[in-house]
Amino acid sequence: MRIYVPRDAAARALGADAVAEAILAEAARTGLPVDLVRNGSRGMVWLEPLVEIETRSGRTAFGPLTPEDVPALLFEDITTHPKALGPVEDIPWFARQTRLTFARVGLIDPLSMPDYERHGGLSGLRRALAMTPDERLDEVKTSGLRGRGGAGFPTGVKWGTVALAQAPRKYIVCNADEGDSGTFADRMLMEGDPLTLIEGMAIAGLTVGATRGYVYIRSEYPDAIHQMTEAIRVATSHGLLGPSLLGQGPAFDLEVRVGAGAYVCGEETSLLNSLEGKRGTVRAKPPLPALHGLFGQPTVVNNVISLATVPWIFANGAGAYKDFGLGRSRGTIPLQIAGNVRHGGLFETAFGMSLGEIVEDIAGGTATGRPVKAVQVGGPLGAYFPPSKFATPFGYEEFDGQGGLIGHAGIVVFDDSVDMLQQARFAMEFCAVESCGKCTPCRIGAVRGVETVDRIAAGDPSALPLLVDLCDTMRDGSLCALGGFTPYPVMSALTHFPDDFARQREAAE
Amino acid sequence: MLDAADLSARLHEIIGAHLGLEGPLLPILHAIQAEWGHIPDPAIPVLANALNLGRAEVHGVVSFYHDFRTTPAGPTVVKLCAAEACQAQGGRDLIAATLRAFGLSTYGTTPDGKVTVEPVYCLGLCACGPAALVNDRLLGRATPATLREAAR
Ligand SMILES: Cc1cc2nc3c(=O)[nH]c(=O)nc-3n(C[C@H](O)[C@H](O)[C@H](O)COP(=O)(O)O)c2cc1C
Ligand code: SF4
Ligand code: FES
């Protein structure tokens, strides 16, 4: 009997390890042969721990499970189990998705190369190996893939710059710093299908002529660090990595590096400094990392999801990928639905779904049942959207046009109990804590920002224009988006929820 | 207190094991912290020497990153997610209640030295907040009761 119990960090945080232990204990007690697979998560976090049993007619799911549910799972008619969910593919929340990047996450044994290949793994790299260098670059450019780390820069253009550069050594650096609140797609991908990321990095290396890569993972992700490290071992022992890619291509080696709790190290040049063993201060651009990156060598820096999408593009063709999407946002985006929601988790879909549909329909509104007041999209540097902007379609330009950004596609829902002045204060506080210290408007401005919000809260009306000025200064005078975009959450809170800033005043008067 | 000779011997082992890496300083600091729970002061000049860096430079790196401690934490470390998605799920109240339960007025270590409570900005558990990490154990939808149980 084959049973899948996720090893995903969210599933573990909700008790998956205890369920796995209960299954093994029950099997040992009764002599029932059980083949336990620790898979990734299928992404429906409210149903975790979600366990799947392989039956003659396919896999069928149960959740959320506790150890007490286990005996009935193993010995009774499972069709009548109170936690039975049926096949995952039939659960509407799952069936509505377009799973390309996340196709194998939760489906396969993440560290089994045979399982990976059985589900289409390595076919992208094999096709890439058979192409000319120009064809490879064209494939990425034609797909329309843009960076999923936040800035949305066309991946093919970046790779083209590195491919053209002449240097003794080039690097592929995967940005797995995923510091944005409300995001966990990188974590889930690395825990649930790490070989895809490795394959994507190998294709990147092949395309630009890099022979060495690093995966920089934040220290807050011990499970992802463990899983990636193991996956690199598996990939090396199967000849995917090493002196010759699959025995047919050039050399490519990978190493995991662990961050040290600095949000700013997600910024690509700060990340490179950190990899070099320095303070994670931001570097001025130019020079671009593509030309002068890690140890001064040409370097591709890409987000986990950008790189992990590349194997699908090569396996299925750039045209197939480009057919999904809206406007200049091509393909799919793994939405991370978080905060106060009924149905939170990872929902991969083509660009273009409206924010309202995501919040009200997919997320099912708030978990508390109270009305939605604000939705922060794109992490701590993203704007707060009021329900009046729910018609905005999910796309880079579309969100930009509404004074926001999609960032890494984290969507954090708040009910009407949220105090937006407190959220504005937090945005400034976070910037002050995490500033790399290089520019005054960010380092000092954020501290002043906290003080200014406190003055507004204390009823000082003269502080409001000060806050607006401060935001202007930070936006115009900051080297990177930490200082430059902190005004997004602050100003959106102030603009869309003025009552929360006025009420404080009235209360004080 | 750490014995100076023990420290020096183990430190050189750790450094030696990492010298083949490109940019070895962060991996070495992580290994030192895994060994002693913090970065002991006497390690700084040794590191500076071995890596051909200035002491100020090594110190600058240690102080830049939130992870690196210059004094040991308590045997139980409770990290509470203080970021937005957890705030939306009652995280602020949980932080206040937890600090109160440990008799702390702000983040830090209890007077008996047993428990250190710290903020963390996102554990990637944003769809099952409020999230916490108690030593190596992740908690989703954490409550004062589950935190107390995990911190025991
Ligand atoms: C303060 C700050 C934090 C960032 N954090 C991340 C991050 O955690 N992960 C990420 O992929 N990109 C992050 N970025 C964006 C990177 O600088 C860079 O644009 C990205 O890694 C490029 O990869 P992509 O083109 O695949 O998106 C951050 C940027 C800033 C300014
Ligand atoms: S804006 Fe802030 S984080 Fe970015 S470079 Fe300037 S000081 Fe550093
Ligand atoms: S915001 Fe708390 S775990 Fe992500």
- Message: Taking amide H atoms as placed 1.01 Å from N in the peptide plane, list the residues 5 or more away in sequence, or in a different chain, whose amide H sits under 5 Å from that of residue A:106.
- Response: A:40, A:41
- ³J(HN,Hα) across region A:335-351 via Karplus (A = 6.51, B = -1.76, C = 1.60, θ = phi - 60°), whole Hz, x for Gly/Pro? 6, 10, 9, 9, x, 7, 10, 6, 10, x, x, 9, 10, 8, 8, 5, 4
- Item | Partners for residue A:278 among lysines (Cα-Cα distance below 22 Å; same-chain residues under 8 apart left out) | A:170, A:438
- Task: Round to the nearest 10 and give me the degree value, 0 to 90, for the angle of helix B:4-18's Cα axis relative to the longest principal axis of chain B.
- Result: 90
- Query: Looking at region A:47-97, which trypsin sites (Lys or Arg not before Pro) are in a loop (DSSP not H, G, I, E or B) and have at most 14 other Cβ atoms within 10 Å?
  - Reply: A:56, A:96
- Note on the structure: Partner lysines whose C-alpha sits under 20 Å from that of residue A:322, ignoring same-chain residues fewer than 8 away, are A:141, A:158
- Item | Local net charge near residue A:156, Cβ-Cβ under 15 Å (Lys/Arg +1, Asp/Glu -1) | +4
- Quick one: which residues, 5 or more positions from residue B:77 or on another chain, have an amide H under 5 Å from its amide H? H modelled 1.01 Å from N in the peptide plane, none for Pro or chain starts. B:116, B:135
- Any idea how far apart residue B:6 and residue A:164 come out in nm if each label point goes 7 Å out from Cα toward Cβ? 5.9
- Task: Calculate the spin-label point distance for residue A:32 paired with residue A:447, positioning each point 7 Å from the Cα along the beta-carbon direction, and give it in nanometres.
- Result: 6.2
- Note on the structure: By the C-alpha gyration tensor axes a ≥ b ≥ c (rounded if a/c is under 1.5, else prolate when a/b exceeds b/c, else oblate), the shape of chain B is prolate
- Query: Separation between the residue A:460 and residue A:255 pseudo-spin-labels, each 7 Å from Cα along Cα→Cβ, expressed in nm?
  - Reply: 5.1
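Considering only DSSP states other than H, G, I, E and B, which chymotrypsin sites (Phe, Trp or Tyr not before Pro) in region A:328-423 qualify as loop sites with at most 16 other Cβ atoms within 10 Å? All intermediate terms of the calculation are to be shown ahead of the outcome.
Details: sites: A:347, A:351, A:384, A:390, A:394, A:396, A:399, A:414; in loops: A:351, A:390, A:394.
Sites meeting the loop and neighbour criteria: A:390.
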- For region B:30-65 versus region A:252-271, the gap between their alpha-carbon centres in whole angstrom: 19
- State the Cα centre-to-centre distance between region A:144-162 and region A:287-357 in whole Å. 10
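If you take every DSSP beta bridge fully contained in the protein assembly as shown, what fraction is antiparallel? Give it as a percent rounded to 5.
On the way: 36 of 66 bridges.
Taking every DSSP beta bridge within the protein assembly as shown, about 55 percent pair in antiparallel fashion.
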- Message: Taking the alpha-carbon distance from residue A:285 and a cut-off under 13 Å, which aspartates and glutamates remain once sequence neighbours fewer than 8 residues away in the same chain are dropped?
- Response: A:267, A:268
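Between residue B:149 and residue B:49, what is 0.36 nm times their sequence separation minus the Cα-Cα distance? Round to one decimal in nm. List each step's numbers first, then the result.
Working: separation 100, 0.36 × 100 = 36.00 nm, distance 4.48 nm.
Going from the current span to full extension adds 31.5 nm.
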- Note on the structure: With R₀ set to 45 angstrom, the calculated FRET efficiency between the beta-carbons of residue A:229 and residue A:468, to the nearest 0.05, is 0.40
- Message: Please give the Cα centre distance for region A:71-122 versus region A:399-413, rounded to the nearest Å.
- Response: 30
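Quote the FRET efficiency, to the nearest 0.05, computed for residue A:354 versus residue A:119 with a Förster distance R0 of 35 Å and r equal to the Cβ-Cβ distance. Numbers along the way, then the final one.
Values: r = 32 Å, r/R0 = 0.91.
Approximately 0.65, to the nearest 0.05.
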- Task: For residue A:303, enumerate residues with amide H under 5 Å from its amide H, sequence gap 5+ or separate chain, H modeled in the peptide plane.
- Result: A:148, A:149, A:175
- Query: For residue A:328 and residue A:440 in the same chain, what is the full-extension length gain: residue separation times 0.36 nm, less their Cα-Cα distance, in nm?
  - Reply: 36.8 nm
- Karplus-derived 3J(HN,Hα) from phi for region A:39-45 (6.51 cos²θ - 1.76 cosθ + 1.60, θ = phi - 60°), whole Hz, x at Gly and Pro, runs 8, x, 8, 6, x, 8, 5
- Restricting attention to the alpha-carbon atoms of chain A, what are Rg (one decimal) and Dmax (integer), both in Å? 23.5, 76
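Partner chain Cβ atoms within 10 Å, averaged over the residues of A:7-13 - can you pull that number for me? Could the numbers behind the result be given before it?
Values: counts 0, 2, 8, 9, 3, 5, 14.
So the per-residue partner count for this stretch is 6.
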- Give a residue-ordered list of calculated ³J(HN,Hα) values for region A:281-290 (Karplus: 6.51 cos²θ - 1.76 cosθ + 1.60, θ = phi - 60°; whole Hz; x for Gly, Pro). 7, 7, 8, 5, 10, x, x, 6, x, 4
- Message: Give the average, rounded to an integer, of partner chain Cβ atoms located within 10 angstrom of each Cβ in B:136-143.
- Response: 4
- Run through all the Cα pairs of region B:76-150 and give the fraction in each 5 Å bin from 0, expressed as whole percent. 3, 19, 33, 27, 13, 4, 1
- Charge dipole magnitude, Cβ of K and R +1, D and E -1 - the protein assembly as shown, Cα centre, debye nearest 20: 900
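Per residue of the protein assembly as shown, what 222 nm ellipticity follows from adding -39500 (n - 2.57) for every DSSP H run with n ≥ 4, rounded to the nearest 500?
Values: 28 runs with 278 residues, N = 661.
Mean residue ellipticity, 222 nm, calculated: -12500 deg cm²/dmol.
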- By the scheme Lys and Arg +1, Asp and Glu -1, what is the net charge of all other residues having a beta-carbon under 12 Å from that of residue A:205? +2
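Any read-out appearing in this document is the output of simple, stated calculations on the displayed coordinates, not a laboratory observation. This structure is a prediction, so every number in the text was calculated from the model and none was measured. Virtual Cβ from ideal backbone geometry, glycine too; neighbours counted across all protein chains shown.
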